[in-house]
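Working notes, structure below.
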Amino acid sequence: MNNNTLPVQLSDRELDVLCLLVKGYANSDIAADLHLSPRTISGHVASLKQKLNVSKRADLIRFVRQNGLNC
């Protein structure tokens with residue numbers, strides 16, 4: 001995924017979380033895959049929602065698809 005084409009700046013870790021979220025991973029699965037705690041993943045998801053001004057996970061997925069991001 002190319003962070004340069006996004007309307008907001010996301011960290012590399014946020015991009016990792018976003019890609020796994022789009023693939024349908026639950027927070028616990030993302031945490032296991034990235035070797036982080038589920039609470040840390042929840043924080044990243046909350047940060048993504050705030051930065052992208054959305055309130056639901058589905059909105060994050062829609063954002064990825066509408067912006068043509070490849071995960």
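Computed from the coordinates by the stated procedures, all read-outs in this text should not be read as laboratory data. What you are looking at is a predicted structure, and each value in this text was computed from that prediction instead of being measured. Here the Cβ is made from the backbone with ideal geometry for all residues, glycine too, and neighbour counts use every protein chain on show.
Observations on the structure shown:
- Å³ per residue enclosed by the Cα convex hull of region 11-66: 69 Å³
- Counting only Cβ charges, +1 for Lys and Arg and -1 for Asp and Glu, the dipole size of region 11-62 around its Cα centre is about 240 debye.
- Contact order, relative form, for the chain: 36 percent (alpha carbon pairs under 8 Å, 6 or more residues apart, mean separation divided by residue count).
- Selected from A31, A58, A46 as most flexible by GNM, with the chain as the system and alpha-carbon contacts under 10 Å: A58
- Per DSSP, loop trypsin sites (Lys or Arg not before Pro) in the chain with at most 14 further Cβ within 10 Å: K23, K56
- Separation of the A26 and N53 label points, Cα + 7 Å toward Cβ, nm: 3.3 nm
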